[in-house]
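The values are calculated or read from the model by the stated rules, or taken from the named source; none is laboratory data. The model shown is predicted, which means the values in this text are computed figures rather than measured ones. Quick reminder, even Gly has a Cβ in these numbers, built from the backbone with ideal geometry, and neighbours come from all protein chains shown. Note: areas computed on protein heavy atoms with side chains; ligands, DNA, RNA excluded. Shrake-Rupley method; radii C 1.70, N 1.55, O 1.52, S 1.80 Å.
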Amino acid sequence: MASLSVKPGQRFTLPDWQNNSLLISADAEQQRYNSHHIRQEGRALRNETGNQARWDEHNTRTRLNDRIISVDRWREALARCLTDIDLEIDALTKVKEAAENALQAKNLCLDVAIECLTFRESRRDIDVVRDPVEEELLREVKVIEKTKKELQQRVDDAFKQLCLLKEARQQLNCDHRHKLETLELDRQCVSFNVTSGNISFKVNPTRVPDGTTALHEWELNSQCNKDRAEAEMRASVDLRGAITLSIAQTNNELDAQRIATEFALRKRMRDMEAALSELRWQEKNTLEEIAEMEEEIRQLEEDLRKRTLDLKVAHTRLETRTYRPHIELCRDQAQYGLTEEVQQLEGIIRALQKKRTESQDALDALYRQLHRIQTDIGYKTNSLQLDNKCMDTRRKLVIPVEKFEPEVDAVNRTRNLPRNSQLEL
């Protein structure tokens, strides 16, 4: 008979088979329960985080808009203050120029009185007397010197006040410019959204940058700048009134002291002409030296620009090498060389900047000296003209300005008697 073949292996009982089916079913139900629980938690988390993110973004946008409004409010206040201080600077400058012109106008009166006294010193024998004319001339000299001293003090005060106004304006302008930049950046931040093309991850974005200030310090700085500018403007207004009053008072005092005395004046001209010739020679040489110094400064600035570009290259190389990965970030010879190059370039730039500053100081001194020479040339040319026409000059002091047509010297283009009783050099 043929026998049945039995498949080798372990045989399970029917209860085992049933238990296995029940276990698989139970595990499936448990996994479905766990999956459902996780899905519910994920949905809740998505809803919560989505709402939180949208609320945070809304709060941030609101705070940015509030900040933009606050900064723009200060920008408008600073802009108004800048306009006011510009107007005040212009007004004070005009008053200062009027005081300087009034001060310069006194030189003609003083030159005439001194020339008359000098001429009378040449009298001889019995004619050398102290008569009423000489007493009036001496009194006039004292009044002119007093008025010049007072006007000079006013001019100095106006110059100092102009410096304070310009310094306050510079601070206002800097604050105003910074607020414009801040407004542009904050408005750019408000415009960012998830679809913006220029958003990306940044390195340590929550860091506190160096130089960060507190909000009250920010407000205090702007308020101090505005208060200082307003205080300087108030002081400038008071000073303008005082200068205008001083000009009127000094003119009245000088007019009261003028007397209608005329003397024939003659003076030797050789010394004055020699002085003018020497000054013009000095002016010519000074102009040549100024041209050479300006060329040297341009060369220094060109070298400084080139060295600055070299330093930028070295800085960029050093910064780029900081991104070498892992063990490659080592201090090799190239790193030492770049570091040494940066140090040397910084030293070279400091030396060039120092030399440029020294050259600029020397150039400024040359310009000041040139101004002094040219001013002295104007003084001496005017004095030479007054010496030649002393009688006519003395007559101009008593003739009303509106009836007098000033003569113009073709040599130095200086009027014998400026309009509004002001000597123009």
Handout entry: Separation of alpha-carbon centers, region 218-248 and region 54-91, rounded to whole Å
Key = 23 Å
Exercise for the section: Between His371 and Glu41, take the C-beta separation as r, use R0 = 60 Å, and let me know the FRET efficiency to the nearest 0.05. Expected result: 0.10
Fill in the blank from the handout: Given pairs Lys306/Lys355; Lys106/Lys160; Lys166/Lys226; Lys106/Lys146; Lys106/Lys142; Lys96/Lys142 and cut-off 19 Å on Cα-Cα distance, the over-length ones are Lys106/Lys160; Lys96/Lys142
Problem - Cut-off 12 Å, label 7 Å out along Cα→Cβ of Leu183, residues of region 49-74 by amide N - result: 68-74
Exercise for the section: Would you please classify the overall shape of region 151-195 from the alpha carbon gyration tensor, given that a ≥ b ≥ c denote the square roots of the eigenvalues, rounded means a/c under 1.5, and beyond that prolate means a/b larger than b/c while oblate covers the rest? Expected result: prolate
Fill in the blank from the handout: For region 315-320, in residue order, the Karplus 3J(HN,Hα) values (coefficients 6.51, -1.76, 1.60; θ = phi - 60°; whole Hz; Gly and Pro = x) are 4, 5, 5, 4, 5, 5
Exercise for the section: Skip the ligands, DNA and RNA, and give the accessible area per residue of region 191-249 with a 1.4 Å probe, whole Å². Expected result: 73 Å²
Completion exercise
When the charge dipole of region 280-372 is computed with +1 on Lys and Arg Cβ and -1 on Asp and Glu Cβ about the Cα centre, the Cα farthest towards its positive end, among Ile290, Pro325, Gln343, belongs to Pro325
